[in-house]
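This report refers to the structure that appears directly beneath it.
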Amino acid sequence: MAGKKRTSKTKEKEEGIVCPLCLFLGGIRDVTEKKSAFFEHMNNARIEFLEGIKSLIDERIDAIKKGAGTRKSRLTKIKVED
């Protein structure tokens, strides 16, 4: 079966439909381009989140350097009788 060609009516209907996700992301883009208060808050939140992750990594590195990073096995042998 050959591919159907779109008529001008179908094309007009498709152009009139707006994707809600595209509309939302376009609005976000417009807000971020203006450097609004929203964008500043989101940027600060992103920085704080990354600094929190960084502090966890730094603590783990210090623990490994001090030797506290080695863990003892939590497994115990259990003798099973036949």
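Answer with yes or no whether residue 40 is assigned to a helix (DSSP H, G or I), among the acidic types (Asp, Glu) and at pLDDT below 65.
Spelling it out, it is not the case that residue 40 is assigned to a helix (DSSP H, G or I), among the acidic types (Asp, Glu) and at pLDDT below 65.
If you go through region 8-31 one residue at a time, do you hit one that is at pLDDT below 85, surrounded by 10 or more Cβ atoms within 10 Å (Cβ to Cβ), assigned to a loop (DSSP other than H, G, I, E, B) and on the phi < 0 side of the Ramachandran plot?
Within region 8-31, not a single residue is at pLDDT below 85, surrounded by 10 or more Cβ atoms within 10 Å (Cβ to Cβ), assigned to a loop (DSSP other than H, G, I, E, B) and on the phi < 0 side of the Ramachandran plot.
The values are calculated or read from the model by the stated rules, or taken from the named source; none is laboratory data. Keep in mind that what you see is a predicted model, and the values were worked out from it rather than measured. Methodologically, a virtual Cβ is constructed for each residue, glycine included, from the backbone with ideal geometry; neighbour enumeration extends over all protein chains shown.
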